[in-house]
Amino acid sequence: MATKLQIFSGNSNVPLVQEVCDNLHISLGEVTVKHFSDGEISVDIGENVRGMDVFVVQSTCTPANEYIMEMLIMLDALKRASAGRITLVIPYYAYARQDRKVSPRAPISAKLLADLITVAGANRVLTMDLHAGQIQGFFNIPVDNLYGSPVLYDYVKTTLSNDLVIVSPDAGGVERARAFAARLNAGLAIIDKRRPAPNVSEVMHVIGDVKNKRAIIVDDMIDTGGTMVQAAEALARNGAQEVYACCTHAVLSGSAVEKINNSVIEEVIVTNTIPLSDEKKKCRKVKVLSVAGLLSEAVRRIHCDESVSALFV
């Protein structure tokens, strides 16, 4: 495997990529990313990639625009170096919430990013928990969308197993919450909310029985934390015994950590698709699980031309 497979990392989440390489028993590819004095990014691939099966791993988290540009330049460099196949692994896909026109002259930024990735040289994309599944259709190359739920599910099953009810924080997440509840043989509840403006949510009421239950809110990401905290308060008002939260992508922007610390939530369970800053790591309520095992198995299967569909759970 080591003679044909190469993995390169951008600067966004090096610890995760190193863990993936360790699982596959290969060394991380040598690449130098520099910045000119005016902020322009320069990439130098330090190894021969001609004819190789190359994987580039880059989460497009904060600062998203810088990491996106870094990623695109790496793809272009590898394409021009005659890499045999280039698979882009994006643990967190930025701009995924801009997947449709919400006003007459609005962009579809998720589609624009897909076009940029394809033109830059990616032959295949591997990502996790896309905010909107239809983004897969924005690409004209193969896309594998993994889910972080198996990692979250295993932790919940081991540590929180009694009187569970799985809660969707909005109507759009019902399918995700239903699948999670089915695997745990747990009940299902839905938060009915109104969103008057972006990143602002108002929880109205809870649909379902949560009284004397251990409620677990399941979502794909936590951004400002407003939705999650308000949902937790609504569940507590409706008699939930304890409230937990699970998500794949811990964006945690703005005052999200402070909101979580001051909330009724017992624990927020997230994955390392987005690296937490030192400040966020101090949040006593955040539990980080690794998705390196899931990603490394997907990389191995793609490299060996094996089925990846068994990982889509």
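Taken over region 45-75, the criterion of being surrounded by 15 or more Cβ atoms within 10 Å (Cβ to Cβ) and in a helix (DSSP H, G or I) is satisfied by ALA64, GLU66, TYR67, ILE68, MET69, GLU70, MET71, LEU72, ILE73, MET74, LEU75. Considered as a group, the residues in region 98-116 that are in a loop (DSSP other than H, G, I, E, B) and crowded, with 16+ Cβ neighbours inside 10 Å include one that is farthest from the chain's Cα centre (by Cα), and that residue is ILE108. Within region 9-20, does at least one residue satisfy the condition of being surrounded by fewer than 12 Cβ atoms within 10 Å (Cβ to Cβ) and either in a loop (DSSP other than H, G, I, E, B) or free of Cβ contacts under 8 Å to residues at least 24 places away in the same chain (or both)? The answer is no; no qualifying residue exists. Could you list all residues from region 126-156 that are charged (D, E, K, R) and either closer than 15 Å to TYR95 by Cβ or in contact with a Leu (Cβ under 7 Å, 6 or more places away or on another chain) (or both)? Once the filter is applied, which keeps residues that are charged (D, E, K, R) and either closer than 15 Å to TYR95 by Cβ or in contact with a Leu (Cβ under 7 Å, 6 or more places away or on another chain) (or both), region 126-156 yields ASP129, ASP144. Scanning region 282-295 for residues that are more than 20 Å from GLY148 (Cα to Cα) and charged (D, E, K, R), we see that the one that is surrounded by the fewest Cβ atoms within 10 Å (Cβ to Cβ) is ARG284. Pairs linking a residue in region 217-242 that is under 18 Å from LEU188 (Cα atoms) to a residue that is in a helix (DSSP H, G or I) and of a type in the set (Lys, Arg), with Cβ atoms under 9 Å and 6 or more positions apart or on different chains, are VAL218/ARG176; ASP219/ARG176; ASP220/ARG176; MET228/LYS259. Among the residues of region 76-93, those identified as surrounded by 20 or more Cβ atoms within 10 Å (Cβ to Cβ) and either part of a loop (DSSP other than H, G, I, E, B) or of a type outside the set (A, V, I, L, M, F, W, C) (or both) are THR87, PRO91, TYR92, TYR93. Against the criterion of being surrounded by fewer than 16 Cβ atoms within 10 Å (Cβ to Cβ) and among the polar types (S, T, N, Q), SER42 qualifies.
Checking each residue in region 221-270 for being among the β-branched types (Val, Ile, Thr), surrounded by 17 or more Cβ atoms within 10 Å (Cβ to Cβ) and either touching a helix residue (DSSP H, G or I) at 6+ places or on another chain (Cβ under 6 Å) or farther than 22 Å from THR60 by Cβ (or both) picks out ILE222, THR224, VAL229, VAL243, VAL257, ILE260, ILE265, VAL268, ILE269. Within the span defined as region 237-250, one or more residues are closer than 19 Å to TYR93 by Cβ and touching a Ser or Thr at 6+ places or on another chain (Cβ under 7 Å). Among the residues in region 200-210, are any in contact with a Lys or Arg (Cβ under 7 Å, 6 or more places away or on another chain), among the small types (Gly, Ala, Ser) and not in a loop (DSSP other than H, G, I, E, B)? There is at least one residue in region 200-210 that is in contact with a Lys or Arg (Cβ under 7 Å, 6 or more places away or on another chain), among the small types (Gly, Ala, Ser) and not in a loop (DSSP other than H, G, I, E, B).
Could you check region 84-108 and list, in sequence order, the residues that are in contact (Cβ under 8 Å) with a residue 40 or more places away in the chain and of a type outside the set (Ser, Thr, Tyr)? Of everything in region 84-108, those that are in contact (Cβ under 8 Å) with a residue 40 or more places away in the chain and of a type outside the set (Ser, Thr, Tyr) turn out to be VAL89, PRO91. Within region 117-154, if we keep just the residues that are in a loop (DSSP other than H, G, I, E, B) and either more than 14 Å from the chain's Cα centre (by Cα) or of a type in the set (Ser, Thr, Tyr) (or both), the residue that is nearest to GLU306 (Cα to Cα) turns out to be PRO142.
Considering only residues that are among the small types (Gly, Ala, Ser) and in contact (Cβ under 8 Å) with a residue 24 or more places away in the chain, which ones fall in region 280-313? I'd like the intermediate steps shown before the answer.
Filtering region 280-313 down to residues among the small types (Gly, Ala, Ser) leaves 290, 292-293, 296, 298, 307, 309-310.
SER290, ALA292, GLY293, SER296, ALA298, listed by residue number.
Based on what the data block shows, is SER109 farther than 15 Å from VAL218 by Cβ and hydroxyl-bearing (Ser, Thr, Tyr)? Here the answer is yes, as SER109 does meet what is asked.
Bear in mind these aren't lab numbers, they're just calculated from the coordinates by the rules spelled out. Everything numeric in this text was worked out from a predicted model, so none of it was measured. In this analysis, Cβ positions are derived from the backbone assuming ideal geometry, glycine residues included, and neighbour counts consider all displayed protein chains.
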